[in-house]
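I have placed the structure first, in the form of structure tokens, so that the comments after it can refer back to it.
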């Protein structure tokens, strides 16, 4: 089935979306972009030229372009403060909507989006593309297999000296709001557990080139006695981790380490004697299929598959709001210096 789509928000982020939609084998022939919308018409026109979308309707008024093109899908790549209006418009015009992260600027706004999608009988999902990388999915499979026993903790380090320039350097809670949701969502996905509470210390380290909140340390209480420890900074020079973080995942029978790239180390207990029990190495199995490990393209493909089969996509708003709640609870904890309960 070929879907028609309008993309709104033709700034820098849209390039990754359009590259995946128009060139990736997973999406070959599945989506026809029939409209591009941006507040700056010239920006939308430039994207149309760049990606050979000469037949696409170009406009600055989303409602008008949706009314003219009547697409199946709306791809929402606008800034977060504009997202609620864009999602509402897309659902009102009968579109299934796929949004850039974050899903919303508040939990109340996210809940409203979920209700709007339910009332419209349409799907609203979020591009949580870090789920769709090989390492994250391999670790989820290893945990589910029971190879390291019962899961007890997930621990990750995210340390990068990222000099973006621009709006990020003037944001409140920049690390938690703009980046940490990827890592928090990955922890929730890999563990298969819901977050119940968090205590977070947020700082802006000496020498930081950000105005606020470039670093955070958070302890999350997950269900079933699982603990998730997050340590992160966007103002850490000298020993950069992967953008996917460096992970230590502990179970009752062993531990797996992942550097966030290609290196895994996994060992399990192999005997009952000794002050330190003997260990043996185990493999972190490869995935049987790589169709779901292509980042952005896999998110879009899974979204389309879900629509075709009538199920909820993996990153449906009803799921993604649980990761968004972790972010806002961490921010609340940092402000109050108290443990905050997480509820959706």
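None of the figures in this text is laboratory data; all of them are computed from the coordinates on show. Just so we're clear, the structure is a prediction, and the values are computed from it rather than from any experiment. Neighbour counts are summed over all protein chains in view; Cβ atoms, including those assigned to glycine, are modelled from backbone coordinates with ideal geometry.
The alpha-carbon positions of region 96-223 define a convex hull whose volume is 146 Å³ per residue. Between 0 and 90 degrees, the angle of helix 83-92 with respect to the longest Cα principal axis of the chain falls at about 60 degrees.
Taking Cα atoms only, the orientation of helix 107-120 departs from the longest principal axis of the chain by about 50 degrees. Taking 0.36 nm per residue of separation and subtracting the current Cα-Cα distance, fully stretching the chain between residue 118 and residue 261 would add 47.7 nm. Note on residue 106 and residue 82: with the Förster distance fixed at 22 Å, the Cβ-Cβ geometry gives a FRET efficiency of about 0.95. Write down the percent of antiparallel bridges among all DSSP beta bridges whose residues are both part of the chain, to the nearest 5. Bridges in the chain that DSSP calls antiparallel: roughly 60 percent. Under a Gaussian network description of the chain, with springs only between Cα atoms under 10 Å, the residue in 56, 46, 180 that fluctuates furthest is 46. Distance between the 7 Å Cα→Cβ label points at residue 153 and residue 225: 1.4 nm. Over region 3-126, the fraction of Cα-Cα pairs per 5 Å bin, rounded to whole percents and listed from the shortest bin up, is 2, 12, 24, 25, 20, 12, 5, 1. Comparing Cα centroids, region 221-244 and region 38-97 end up 35 angstrom apart. Distance between the 7 Å Cα→Cβ label points at residue 276 and residue 341: 4.2 nm. For the chain, a Gaussian network of Cα nodes joined below 10 Å ranks 319, 262, 224 by mean-square fluctuation, and the top entry is 262. On the beta carbon distance between residue 252 and residue 41, with R0 = 56 Å, the FRET formula returns roughly 0.40. GNM on the chain, alpha-carbon springs under 10 angstrom: the most fluctuating residue among 144, 308, 221 is 308. Kindly state, to the nearest 0.05, the FRET efficiency for residue 134 paired with residue 163, given R0 = 25 Å and r defined as their beta-carbon distance. Efficiency, from the Cβ-Cβ distance: 0.35.
For residue 92 and residue 19 in the same chain, what is the full-extension length gain: residue separation times 0.36 nm, less their Cα-Cα distance, in nm?
Taking 0.36 nm per residue and subtracting the Cα distance, the gain is 23.6 nm.
Working from Cα pairs under 8 Å separated by at least six residues, relative contact order for the chain is 19 percent. Note on region 262-341 and region 126-181: Cα centroid distance 8 Å, given to the nearest whole angstrom.
A simple spin-label model places pseudo-atoms 7 Å from Cα toward Cβ; at residue 54 and residue 196 they are separated by 6.1 nm. Multiplying the residue separation of residue 144 and residue 63 by 0.36 nm and removing their Cα-Cα distance gives an extension gain of 24.7 nm.
Remark: relative contact order (region 3-126) = 24 percent; criterion is Cα-Cα distance under 8 angstrom and separation of 6 or more residues. Computing Rg/Rh (Cα atoms, Kirkwood Rh) for the structure here picks out one of (i) 0.99; (ii) 0.93; (iii) 1.13, namely (i).
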